[in-house]
């Protein structure tokens, strides 16, 4: 039995090695330029990455090309000019928003006006989100899924439907027209942080692989139109390398060789293309060893936890202006967030809370000083004890005495709206007076510094990032663990381990 297994393994190894050598060194070289000369080619997503490289390769074969992308200036000023230099017979540029059905139809109409037909349709445009599915709330996930499906799937589907009659007219038994759908290995095998993106690519592959079968058996289209789905692994585009660990860069496939492999697969009517070619072994391996993949994909390390999940207190401010939902004010989707945000230019000096439980008051004072400085260009130092005293009054039940036991963020918000806050010079941060009522002059002056509304931010990482990107500080309440004390050394709070228990809460 062992001998049989060794023989099978050796046969598979030789077969895969031979296949890889042939595909890598002889497959692309066997393309005859005459097969592509003057062919009418549409390339979507042609302004960068693989789409840009495909444009240059088709130009080398003297094709007539239509470049389509949202970035029309890049197409006209860079890609089209380079295509002409490389030998393209003709180049036209079309501004193209793949998420809109009418734009997909118009792209085909314009191409037919330019060239009176279509020979090759290359669908390459894409939108991507690489993050944990549970880093977003339900509303954000629904929005992201709709947006990516509109671009990644319906952008392909709508363009194909509009182009099929013209592709059929130009195709022959000897030289069929081509549909090439550029996809991703993420649509074949599940990978962490690609749930939404991978779903859209899975839809692309499902549709075009089924379409390929339909085209073979339909009398109208048989042997006149072929479909190729390119399932790509890590390719060395600028965009991919930015989002990938630098240690993986040496594993990335060359962009030009990728484009050449895609073109060759289209010419030879290859239904599936895995590239790099060695990645063709991944799907069957995944099916065989899926339990191992899932183990490594879901193991608990104790170092990473999802951030989403509302952790509201049972109380919310009664006034609607103090409990507005920030969700309706979000300006950035996860894919359009800036790379970084720095609010420090408007932050005031860090102050010591000392050994009392005034964390929410300290946080509220810092946020208020930031907003005031940013809007008036005037630094002020507001009284943290004034906020702490009045916020605790809001939560004080009948018969209870005021005590230094902390306060809810919501109470601090209400106290700022009702009483405002005086300057710290008038009511200093003397912890011996933590339970003392501020003097009347403090309340008179506090009327000059109030708030009119407050927004509640969901415990959702994208919403929090958008809030910061829009210039608003966030006050959060977090659980404390023993590992929190390790921040004393370098100022970095470690993520708690899975077996740690919460000891307290802290607002900041």
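One table, with the values for the structure above:
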| quantity | calculated |
| --- | --- |
| Principal semi-axes in Å for the range 318-458 [√(5λ), Cα gyration tensor, largest first] | 27, 18, 15 |
| Order by protection proxy (mean Cβ within 10 Å, highest first), peptides 189-196, 206-213 | 189-196, 206-213 |
| Peptides 343-354, 380-391 ordered by average Cβ neighbours within 10 Å, highest first | 380-391, 343-354 |
| Burial order of peptide ranges 98-106, 439-447 (average beta-carbon count within 10 Å, highest first) | 98-106, 439-447 |
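Read-outs throughout are calculated quantities, based only on the coordinates presented, and are distinct from any laboratory measurement. Fair warning: this is a prediction, and the values are worked out from it, not measured in the lab. Here Cβ is always computed from backbone atoms with ideal geometry, including for glycine, and neighbour counts include all displayed protein chains.
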